[in-house]
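*Asks:* Here it is, the structure, as structure tokens.
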Amino acid sequence: MTRFLLRRTGQAVAVVFVVVLLVFILAHLLPGGPRAMLGLQANPVTVRQFYAENGYNRSIPVQFGKYLWRLAHGDLGFSYHYNAGVGTLLVQTLPRTALLVGFAYALGLLIALPIGVLQAARRGKFVDHALTAGALVVYSMPAFWLGLVLIIVFAIDLNWFPAEAPQGQTVGAVLSQPNALVLPVLTLAAGTVVVFSRYMRSSMLEALVQDYIRTARGKGIGEGRIIWRHALRNAILPTITLVGLSLPFVLSGAVVIEQLFNYPGMGLLFWNAAIVHDYPVLLGFTLVVGVAAVAGSLLADILYGIADPRLRVGRSS
Amino acid sequence: MEIRGRRSPKTFFVREARPKRLRESTWKTFISSPVALLGTSVVLLVVLFSYVGPLLYSTDQIHTNLDQIRLAPSGRFPLGTDDLGYDVLGRLMAGGRASIDVGIAAALLASAVGTLYGAISGFVGGAVDAMMMRVVDALIAVPALLLLLLLASMFTPTLFVMIMAIALISWVIPARLVRGETIALRSREFIEASVGAGAGMWRVIFKHVIPNVAGVVVVQATFQVADAILLLAALSFLGLGPPPPATNWGSMLNQGLNYAYANDWWLIYPAGIAIIITVVAFNLLGDALRDSLEVRLQRR
């Protein structure tokens, strides 16, 4: 177990290093070099000062060293567009995105788990096929288009919910407009339902062929109890892990949703940065999400190793 | 069970394990499957619509015509016109061509690069393999859409740049798959015999590894066409796709968004439905190919 943990942690550190290197390389591939981070109108004096401050006039290894040093001190760069540190901007927008993603996750799981269980219980039957077909269609549907259709139907035609997400600055202000959260949360949740229900279905199918299920059946326990008590309890752990691991991808889905509903979270910040070429924000955000993803998968593997002794041995990279 | 790939659990219509009759050919399995039939015929229809359609239904997709903006569907314009006076049906064809061009080119490029990278990594093994795989892990960790937005912001988003950018973020999936397959193959007798007889790495990779991983790669590439079409649509919808007069289904929706309140449904539904149909078809085709080639993807 210790060996596995050490190796796995070493790998994660290496991956984080490559992510940092990747973002560093991208900063140098910017049109015109790192100076592009200052914006198009930067005058030569500012550029010189910026290069001197950040060491961009030194050799590449020294630059990379300085870059690592700044990151180690929590300095993700400075957005000249917002005149604020990238870290500050991310901290400001994080709660709103966390709220949106959190609700979408909760709703997604609430719908997906029963669907997955039902599909596994009725494997190969009509319900299973119908739900699979539905999942395929939703998976193939661009989230922004689904959101657009929801806006047309529920905001424009029926006028039930507003077409714009809450604009409040604080979590409390956002929550005071629950109506406005409905459409963005629904849109984001739709994609998660597809993925989570597929996880749940395959995880349940795996659980249902185990020996303890046969034992339970042999003891004469009812099918409902077998599915909801015996199989579900064992199937839910891998599903939750996979669900946790898909966070970075749900986060990137939030970019599209936040842009469509004009919800001022991290996604909208990122999109705005892409439009106005605010490279420090783009690079900083990419780095943070990449590192968070690596950390998340490391954490998942460790917790999994603790929770399920069968996995402590025999895992290869 | 391992999930890290961008499309691991999303296998939809996979035929349940069925004992394969002896000598039943791959091709026979494929054509006898309704999923394959549906997927193939819809893909063919979309391709015909996008590439042959403009020959039968010729429209001007370059010059704007402000005399005929946002006209509702009629005999003259079966799907109406958009805010610049382009015929929407014709634009759907032009947009389809761009979407499929990008999807297929990006998938081919990603598969070629990923296959070579994965084969080398798996064949060489050891520290080199470990290093090469950490690069793959890093690229998988960063969500595709974020990296794509960053790249689109850095470079002028022409179709060529789109293809390169999508390939750049997609090659890691085939690379990881092929690396796994290569490691499994490396210990097989025919490869050991080949190495023992003095074959070099390149010979083994091209003569033995690539023919044996072709099935996995083809199936994965089919799914990647679908994913690339969705990525291009998302990027264009966000306003970072190829600029007009070039178009694709995503940019059509980006334009249509402005007229959602005006109830111009013909600017919203056709392009969206075109994306769904095409992506569903490529996914079905991938599932069917997986069945007939008996490929197992991303699962252990």
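The values are calculated or read from the model by the stated rules, or taken from the named source; none is laboratory data. Predicted model, so just to flag it, every value in this text is computed and none were measured. We place every Cβ from the backbone using ideal geometry, glycine too, and count neighbours over all the protein chains shown.
*Asks:* Looking only at the range B:141-170, which residues are within 10 Å of chain A (Cβ to nearest Cβ) and of a type in the set (A, V, I, L, M)? Let's see the steps before the verdict.
*Replies:* First pass over the range B:141-170, keeping only residues within 10 Å of chain A (Cβ to nearest Cβ): B:141-156.
Residues satisfying the conditions are B:Ala141, B:Val142, B:Ala144, B:Leu145, B:Leu146, B:Leu147, B:Leu148, B:Leu149, B:Leu150, B:Leu151, B:Ala152, B:Met154.
*Asks:* Looking only at the range B:114-131, filter to residues that are touching a residue at least 24 places away in the same chain (Cβ under 8 Å) and of a type in the set (A, V, I, L, M); which one of those is surrounded by the most Cβ atoms within 10 Å (Cβ to Cβ)?
*Replies:* In the first step, residues of the range B:114-131 are kept if they are touching a residue at least 24 places away in the same chain (Cβ under 8 Å); the result is B:114-125, B:129.
Of the ones still in play, those that are also of a type in the set (A, V, I, L, M) are B:116, B:119-120, B:124.
On the way: B:Leu116: 18, B:Ala119: 25, B:Ile120: 20, B:Val124: 14.
Among those residues, the one meeting the criterion is B:Ala119.
*Asks:* Would you check if A:Leu90 is aliphatic (A, V, I, L, M), surrounded by fewer than 17 Cβ atoms within 10 Å (Cβ to Cβ) and touching a residue at least 40 places away in the same chain (Cβ under 8 Å)? Let's see the steps before the verdict.
*Replies:* On the way: aliphatic (A, V, I, L, M): yes; surrounded by fewer than 17 Cβ atoms within 10 Å (Cβ to Cβ): no; touching a residue at least 40 places away in the same chain (Cβ under 8 Å): yes.
No: the conditions fail for A:Leu90.
*Asks:* Which condition number in (1) more than 14 Å from chain A (Cβ to nearest Cβ); (2) more than 24 Å from the chain's Cα centre (by Cα) is the one that B:Ala127 fails?
*Replies:* Evaluating B:Ala127 over (1) more than 14 Å from chain A (Cβ to nearest Cβ); (2) more than 24 Å from the chain's Cα centre (by Cα) leaves (1) as the failure.
*Asks:* OK, next. Quick one: A:Pro162 ticks every box in (1) of a type outside the set (D, E, K, R); (2) exposed (fewer than 15 other Cβ atoms within 10 Å of the Cβ); (3) over 25 Å from B:Val280 (Cβ atoms); (4) more than 23 Å from the chain's Cα centre (by Cα) except a single one, so which number is it?
*Replies:* Condition not satisfied by A:Pro162: (2).
*Asks:* Considering only the range A:258-280, state which residues are of a type in the set (A, V, I, L, M), surrounded by 23 or more Cβ atoms within 10 Å (Cβ to Cβ) and more than 10 Å from chain B (Cβ to nearest Cβ).
*Replies:* Our first condition is that a residue be of a type in the set (A, V, I, L, M); within the range A:258-280, this holds for A:260, A:266, A:268-269, A:273-276.
If we keep only those that are surrounded by 23 or more Cβ atoms within 10 Å (Cβ to Cβ) as well, we get A:260, A:266, A:269, A:273-274.
Once the filter is applied, which keeps residues that are of a type in the set (A, V, I, L, M), surrounded by 23 or more Cβ atoms within 10 Å (Cβ to Cβ) and more than 10 Å from chain B (Cβ to nearest Cβ), the range A:258-280 yields A:Met266, A:Leu269.
*Asks:* Does A:Leu287 count as closer than 14 Å to A:Met37 by Cβ and either within 7 Å of chain B (Cβ to nearest Cβ) or aliphatic (A, V, I, L, M) (or both)? Before you say what the answer is, go through the steps one by one.
*Replies:* Working: closer than 14 Å to A:Met37 by Cβ: yes; either within 7 Å of chain B (Cβ to nearest Cβ) or aliphatic (A, V, I, L, M) (or both): yes.
Yes: the conditions hold for A:Leu287.
*Asks:* Answer yes or no as to whether B:Ile183 is surrounded by fewer than 24 Cβ atoms within 10 Å (Cβ to Cβ), touching a residue at least 24 places away in the same chain (Cβ under 8 Å) and within 10 Å of chain A (Cβ to nearest Cβ).
*Replies:* Working: surrounded by fewer than 24 Cβ atoms within 10 Å (Cβ to Cβ): yes; touching a residue at least 24 places away in the same chain (Cβ under 8 Å): yes; within 10 Å of chain A (Cβ to nearest Cβ): yes.
Yes: the conditions hold for B:Ile183.
*Asks:* Right, next: I need the full set of residues from the range A:203-222 which are closer than 26 Å to A:Leu242 by Cβ and free of Cβ contacts under 8 Å to residues at least 12 places away in the same chain, in order please.
*Replies:* Within the range A:203-222, the subset closer than 26 Å to A:Leu242 by Cβ is A:203-214, A:216.
Result: A:Val209, A:Asp211, A:Arg214.
*Asks:* Can we say B:Ala138 is buried (at least 23 other Cβ atoms within 10 Å of the Cβ) and within 10 Å of chain A (Cβ to nearest Cβ)? Explain how you work it out, then say what you get.
*Replies:* Details: buried (at least 23 other Cβ atoms within 10 Å of the Cβ): yes; within 10 Å of chain A (Cβ to nearest Cβ): yes.
The answer is yes for B:Ala138.
Results for (1) loosely packed, with under 15 Cβ neighbours inside 10 Å; (2) under 30 Å from A:Met200 (Cβ atoms), shown as yes or no for each residue.
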| site | (1), (2) |
| --- | --- |
| A:Leu40 | yes, no |
| A:Asn43 | yes, no |
| A:Gly65 | yes, no |
| A:Leu100 | no, yes |
| A:Leu110 | yes, yes |
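*Asks:* Residues that are among the β-branched types (Val, Ile, Thr) and either in contact with a Pro (Cβ under 9 Å, 6 or more places away or on another chain) or within 30 Å of B:Val35 (Cβ to Cβ) (or both): does the range A:150-169 have at least one? Steps first, please.
*Replies:* Kept after step one, since they are among the β-branched types (Val, Ile, Thr), are these residues of the range A:150-169: A:151-153, A:156.
Next, only the ones that are either in contact with a Pro (Cβ under 9 Å, 6 or more places away or on another chain) or within 30 Å of B:Val35 (Cβ to Cβ) (or both) stay: none.
The answer is no, given that none of the residues of the range A:150-169 is among the β-branched types (Val, Ile, Thr) and either in contact with a Pro (Cβ under 9 Å, 6 or more places away or on another chain) or within 30 Å of B:Val35 (Cβ to Cβ) (or both).
*Asks:* Let me ask another. Listed residues A:Gly224, A:Gly253; which is part of a helix (DSSP H, G or I) and facing chain B (nearest Cβ under 9 Å)?
*Replies:* Checking each option against the conditions leaves just A:Gly253.
*Asks:* So in the range A:290-306, with the set limited to residues that are within 8 Å of chain B (Cβ to nearest Cβ) and of a type outside the set (A, V, I, L, M), which one is surrounded by the most Cβ atoms within 10 Å (Cβ to Cβ)?
*Replies:* Filtering the range A:290-306 for residues that are within 8 Å of chain B (Cβ to nearest Cβ) and of a type outside the set (A, V, I, L, M), the one surrounded by the most Cβ atoms within 10 Å (Cβ to Cβ) comes out as A:Gly290.
*Asks:* Separate question: Which one of B:Phe237, B:Phe282 is free of Cβ contacts under 8 Å to residues at least 40 places away in the same chain and either on the phi > 0 side of the Ramachandran plot or of a type outside the set (Ser, Thr, Tyr) (or both)?
*Replies:* Working: B:Phe282 fails: free of Cβ contacts under 8 Å to residues at least 40 places away in the same chain.
Being free of Cβ contacts under 8 Å to residues at least 40 places away in the same chain and either on the phi > 0 side of the Ramachandran plot or of a type outside the set (Ser, Thr, Tyr) (or both) holds for just one of B:Phe237, B:Phe282, which is B:Phe237.
*Asks:* Still on this structure, please answer the following. Against the definition (in contact with a helix residue (DSSP H, G or I) (Cβ under 6 Å, 6 or more places away or on another chain) and either closer than 21 Å to B:Asp287 by Cα or at pLDDT below 90 (or both)), how does B:Val195 come out, yes or no? Can you show your working first?
*Replies:* On the way: in contact with a helix residue (DSSP H, G or I) (Cβ under 6 Å, 6 or more places away or on another chain): no; either closer than 21 Å to B:Asp287 by Cα or at pLDDT below 90 (or both): yes.
Criteria not met by B:Val195.
*Asks:* Filter the range A:29-58 down to the residues that are touching a residue at least 12 places away in the same chain (Cβ under 8 Å) and within 14 Å of chain B (Cβ to nearest Cβ), then identify the one that is nearest to A:Phe78 (Cα to Cα).
*Replies:* A:Met37
*Asks:* Same structure, new question: Only residues that are assigned to a loop (DSSP other than H, G, I, E, B) and hydroxyl-bearing (Ser, Thr, Tyr): list them for the range A:169-191, please.
*Replies:* Step one: of the range A:169-191, the residues assigned to a loop (DSSP other than H, G, I, E, B) are A:169-170, A:176-177.
Those that are assigned to a loop (DSSP other than H, G, I, E, B) and hydroxyl-bearing (Ser, Thr, Tyr): A:Thr170, A:Ser176.
*Asks:* A further question follows. Is it fair to say B:Asn258 is out of contact with any helix residue (DSSP H, G or I) (no Cβ under 7 Å at 6 or more places or on another chain) and surrounded by fewer than 22 Cβ atoms within 10 Å (Cβ to Cβ)? Please lay out each step first, then the result.
*Replies:* Details: out of contact with any helix residue (DSSP H, G or I) (no Cβ under 7 Å at 6 or more places or on another chain): yes; surrounded by fewer than 22 Cβ atoms within 10 Å (Cβ to Cβ): yes.
Yes, satisfied.
*Asks:* Hey, another quick one. So, A:Ala180, is that one surrounded by 15 or more Cβ atoms within 10 Å (Cβ to Cβ), modelled with pLDDT under 85 and in contact with a helix residue (DSSP H, G or I) (Cβ under 9 Å, 6 or more places away or on another chain) or not?
*Replies:* It is true that A:Ala180 is surrounded by 15 or more Cβ atoms within 10 Å (Cβ to Cβ), modelled with pLDDT under 85 and in contact with a helix residue (DSSP H, G or I) (Cβ under 9 Å, 6 or more places away or on another chain).
*Asks:* Would you check which residues across the range A:59-85 are out of contact with any Gly (no Cβ under 6 Å at 6 or more places or on another chain), assigned to a strand (DSSP E or B) and in contact (Cβ under 8 Å) with a residue 24 or more places away in the chain and list them?
*Replies:* Result: A:Ser79, single match.
*Asks:* Within the range B:85-98, how many residues turn out to be part of a helix (DSSP H, G or I) and not aliphatic (A, V, I, L, M)?
*Replies:* In the first step, residues of the range B:85-98 are kept if they are part of a helix (DSSP H, G or I); the result is B:88-98.
If we keep only those that are not aliphatic (A, V, I, L, M) too, we end up with B:90-91, B:95-97.
Looking only at that region, the number is 5.
*Asks:* Also, I was wondering about something else. When the residues of the range B:261-292 are filtered to those that are part of a helix (DSSP H, G or I) and among the aromatic types (Phe, Trp, Tyr), which remaining residue is farthest from the other protein chains (Cβ to nearest Cβ)?
*Replies:* Narrowing the range B:261-292 to residues part of a helix (DSSP H, G or I): B:265-267, B:269-292.
Now drop any that are not among the aromatic types (Phe, Trp, Tyr), which leaves B:265-266, B:269, B:282.
Details: B:Trp265: 8, B:Trp266: 13, B:Tyr269: 8, B:Phe282: 9 Å.
Only one residue tops the list, namely B:Trp266.
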